Every structure is written in C-alpha cells, then in structure tokens.
Amino acid sequence: MIDSKQNSKIIAIVGPTASGKSNLAHQLGKVLGSEIVSADSRLIYKKMDIGTAKPSIEERTEIPYHLIDLIKADESYSMGNYLEDAKPIIDNLLAKNKIPIVVGGTGFYLRGLLEGLHLTETQSDPKFRESIKDITTEDLYKTLQEQDSHQKFKMHFNDRSRIIRALEILKANNENLHQNKEEKSLQFDAEIIWVGLNFDSRDKLRAQIKTRAEKMVEQGLIDEVQNLLNEFGELEIFDKTIGYKETIRFLKGDIKTQSELIDLISISSSQYSKRQMTWFRANKKINWLNSEYSLSNLIEKCLGLIDN
C-alpha cells in the first residue's frame, strides 16, 4: 500500500548505459507495487531483445512494463508517438494512486515527457533538411548553440543527426521550448523525483559496459542480428543501434573475431554514455547515486527521496 503523501509523484530513474538503472527500477517497482514506463527508444522494437538489454519475459511477469515491443523493426515511431502513448499510461497510474517509474537512457524522450517540451506535432521537415544538407556539422552545432539560449538541447558537437533534429524542433516550436525549467511537468500535475545512477569513475563504467557486451554475445546477439537481417534486410535502425551495427560488420567479415566485436561494441557504448551524460548533467534536479551501492541501499535512498 502506498502512503497518501506519495500520491502525485513520478520517479524518473536515469543514467548512462550499463549503470544498473533498469534493475533498480525493477526492484523499486516491486517494493512500491508500481509499474515501469520505459523511456528507451530501442525497447519499442520487437525482436531487438539481446542487443537492447530488454527486460526478460520473467521480469515482465513480475511487474508490469509499458512501451516495450510496440512495433516491428521496419515500422516508424516518432517522439510524438511516444508522448501520445506514454501520457495516458502515467495518467492512469496516477489515478490509481500508483507512483509511475519512468526509466531509460533516451534523454530526448525523458525531457519531452517530463519537462514539458511540446513536441507531439513536430514532424520531420524535408524542405528544412534539404536546405541545410550542405552546411557543415560544425556550423550547424554553432547555430544550435546560438538559437538554444535556454540550453534545452545538449549533445555531442559531432552528432549531426541529433543536431539537425534539434534545429528542426526549435524552428517548429519556438516559444514552447523555452518554458521555465523550474515549473512542474506541463504534462502531469505531479512532482517529478529524478534519480540518477552512475559509477564514480569512467573506468568502472567502461568495465561494466564491456561485461555487458560480453554477456550479450554469450546470450546470442549474433544469431539475433542474423535473424533480423533475414527477416528485414539491412534497415537504417540497425545501422543506428549500438550492438547491431557492429554485429552486421562481423557477419560481413569486416570484424574478424568475437573479441574484436565485443571491444567495438564497448567503445561505441562508452562514447554513447558520454553523450547521455551531457543530457543528464543539464538537469540539476537529478539526485545522483553511486551504482556500486548495494541494491537495498539504493532502494532505501529512493524511498527517502519519495518521503521528503
């Protein structure tokens, strides 16, 4: 039973890849008798299981999970789709006096859902993209910095696709993106409790990332990718997803050994974790916890934040 004083609260558990946030969310959800709302842009795809570290079927029988296995790999899904799907789920949980646990590493989804960015109607703009195709990534990044005076968008200066998407959204949304960061979520009449999970050093995170890459290969990542290629061919989503793009190169013979495959997945994941942390460091409301704490200690700290 959840205390009445815990009503109208949402927990957001964030952090870089391999930090342990999914396990913490799962165990905390069991303690609270709540449900998990995924904020991961890859967990929506069916049959992309091992490479995305998707919660197991067993875990999903222990506690309800939402926004997992929504579409096939060759189907499209936008930020607008995500917000339209996620909002009624959270509204329903709040109405039942449950504390929704939003967990994931996709900063764009998290900010759109919980920080009130109005992105549902922001569709891709082919004319705009065509008009900037010859502009260098460096100049696009400088333009983003100039236009994004409230620093709503944080990303690596070389991440061209995300920079273009941010400029596209700024162009379409103007005033909506410049909401006061101190306001409650514009989506929900609820307090957002932000919990961040990370190791106290990059070396420890890198070691955990490599361990996870090894486990994925052991669990059958190569067969999973081959099956997806057999069914769909080489889709753009595979080329943009860590673990899958490297494994395709392995299957083509560009990568010769499983050891090299694991190393390359680890390097890509480590670089991605840096970009994730750029997003998360911009949110000063996150209460950061050390991934090396015991699970019981982490849960205790989360419960303390809820009770405050």
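Points to keep in mind about this one:
- Residues that are assigned to a loop (DSSP other than H, G, I, E, B), out of contact with any Lys or Arg (no Cβ under 6 Å at 6 or more places or on another chain) and not β-branched (Val, Ile, Thr), drawn from the stretch 49-73: Asp49, Gly51, Ala53, Lys54, Pro55, Ser56, Pro64, Leu67, Leu70, Ala73
- In the stretch 230-249, the residues that are crowded, with 17+ Cβ neighbours inside 10 Å and small (Gly, Ala, Ser): Gly243
- The number of residues in the stretch 140-186 being among the small types (Gly, Ala, Ser) and modelled with pLDDT of 80 or more comes to 2.
- Residue match in the stretch 60-69 (condition: under 16 Å from Ile44 (Cα atoms) and in contact (Cβ under 8 Å) with a residue 60 or more places away in the chain): no
- Matching residues in the stretch 17-45 - criterion: being of a type in the set (A, V, I, L, M, F, W, C) and free of Cβ contacts under 8 Å to residues at least 60 places away in the same chain: Ile44
- Cβ separations smaller than 7 Å between residues 6+ apart or across chains give the following pairs from the stretch 236-247 residues that are assigned to a loop (DSSP other than H, G, I, E, B) to residues that are among the β-branched types (Val, Ile, Thr): Ile242/Ile265; Gly243/Ile265.
- When residues of the stretch 231-273 are limited to those that are polar (S, T, N, Q) and under 16 Å from Tyr45 (Cβ atoms), the one modelled with the lowest pLDDT: Thr241
- Residues in the stretch 49-67 that are of a type in the set (A, V, I, L, M, F, W, C) and more than 21 Å from Thr247 (Cβ to Cβ): Ile57, Ile63, Leu67.
- Just so you know, in the stretch 24-48 the residues that are part of a loop (DSSP other than H, G, I, E, B) and among the aliphatic types (A, V, I, L, M) include one that is nearest to Ile11 (Cα to Cα), and it is Ala39.
- Subset of the stretch 107-139 [more than 24 Å from Ile90 (Cβ to Cβ), at pLDDT 80 or above and of a type outside the set (Lys, Arg)]: Pro126, Phe128, Glu130, Ser131, Ile132, Asp134, Ile135, Thr136, Thr137, Glu138, Asp139
- Annotation note: Cβ proximity below 9 Å between a residue of the stretch 249-263 that is in the same structural domain as Glu234 (by TED's automatic domain parsing) and a residue that is of a type in the set (Lys, Arg) (sequence gap 6+ or interchain) occurs for Phe250/Lys256; Ile255/Arg249; Leu261/Arg249; Ile262/Lys210; Asp263/Lys210.
- Any hit, the stretch 74-90, residues being buried (at least 19 other Cβ atoms within 10 Å of the Cβ) and assigned to a loop (DSSP other than H, G, I, E, B): no
- Residues of the stretch 1-30 that turn out to be β-branched (Val, Ile, Thr) and either farther than 26 Å from Lys204 by Cβ or modelled with pLDDT under 95 (or both), as a count: 2
- Count of the stretch 203-231 residues, restricted to those that are free of Cβ contacts under 8 Å to residues at least 60 places away in the same chain and basic (Lys, Arg), is 2.
- Counting only residues that are among the basic types (Lys, Arg) and surrounded by 15 or more Cβ atoms within 10 Å (Cβ to Cβ), the stretch 250-282 holds 1 of them.
- Which numbered condition Lys285 fails, given (1) assigned to a helix (DSSP H, G or I); (2) surrounded by fewer than 19 Cβ atoms within 10 Å (Cβ to Cβ): (1)
- Just so you know, in the stretch 99-113 the residues that are β-branched (Val, Ile, Thr) and farther than 15 Å from Thr278 by Cα include one that is farthest from the chain's Cα centre (by Cα), and it is Ile99.
- Within the stretch 100-109, the set of residues being within 15 Å of Gly33 (Cβ to Cβ) and either touching a Gly at 6+ places or on another chain (Cβ under 9 Å) or part of a helix (DSSP H, G or I) (or both) comprises just one member, Ile101.
The values are calculated or read from the model by the stated rules, or taken from the named source; none is laboratory data. It should be emphasised that the depicted structure is a prediction, and the values quoted were computed from it without experimental measurement. Note: ideal-geometry Cβ built from the backbone for every residue, glycine included; neighbour counts use all protein chains shown.
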